Amino acid sequence: VADQPPSMEGFCARIHPDDVAQVRAAIDLTQQGQDVPEVIFRTHPEHGPLRWLRRTVRRVDRSAQGLAPRYMGTLLDITEAVHSEERLRDINQELEQRVAERTEQLSRINKELESFTYSVSHDLKAPLRGIDGYSQLLEEEYGSKLDEEARQFLRRIRRGVQQMGD
């Protein structure tokens, strides 16, 4: 009886056990004359390599002719597309993990740089105060004895110290 379609049990025996309920529900809708949603399911692993299939059915209304509805459908093997989506999902997850790791590394490095900058800034303040204080004393005590070029040097020193302090 090769010309006959398989029985419901024979058909469902070739479907992955986890997907049988949703396929049966779609078939029940068809038998009730209702619109049928798209169904994605897997083949049973005991009947060869696992395949992913997409079943779409379109209801053709023939009530104007006084006839029962007819259904036209397709069964498409989408195994490669499913595997591609899984690979893409894995790649995205790996990239997100890498980004999180890099972000953590950059955050640590930034904290280290902030700490270093604070330390250098703090360590330079005392010598700068000394340079500023001595250059101010030099200007106050010996400014009148210095020529214009020497006074210009002192002003440059004091401006540089203030700029570094800022």
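Short to long, the 5 Å bins of the Cα pair-distance histogram for region 77-130 hold 4, 16, 10, 11, 8, 9, 7, 6, 7, 5, 5, 4, 3, 2, 1, 0, 0 percent of all pairs.
Magnitude of the charge dipole for the chain, about its Cα centre and with charges confined to Cβ atoms of Lys, Arg (+1) and Asp, Glu (-1), is about 420 debye.
The residue list Ser63, Gln93, Gln105 was ranked by how far each Cα lies along the charge dipole of region 56-113 toward its positive end, using unit charges on Cβ atoms, and Ser63 comes out on top.
Ordered by solvent-accessible area of protein heavy atoms (1.4 Å probe), largest first, the residues Arg129, Arg151 come out as Arg129, Arg151.
Each part reduced to its alpha carbon centroid, region 64-119 and region 125-151 end up 65 Å apart.
Here Kirkwood radius over Cα pairs in Å was computed from the coordinates, and among (i) 25.5; (ii) 15.8; (iii) 24.4 the match is (iii).
The values are calculated or read from the model by the stated rules, or taken from the named source; none is laboratory data. The model shown is predicted, which means the values in this text are computed figures rather than measured ones. Every residue, glycine as well, gets a Cβ built from its backbone with ideal geometry; the counts of neighbours run over all protein chains shown. Calculation scope for accessible area: heavy atoms of the full protein, side chains included, ligands and nucleic acids excluded. Shrake-Rupley method; radii C 1.70, N 1.55, O 1.52, S 1.80 Å.
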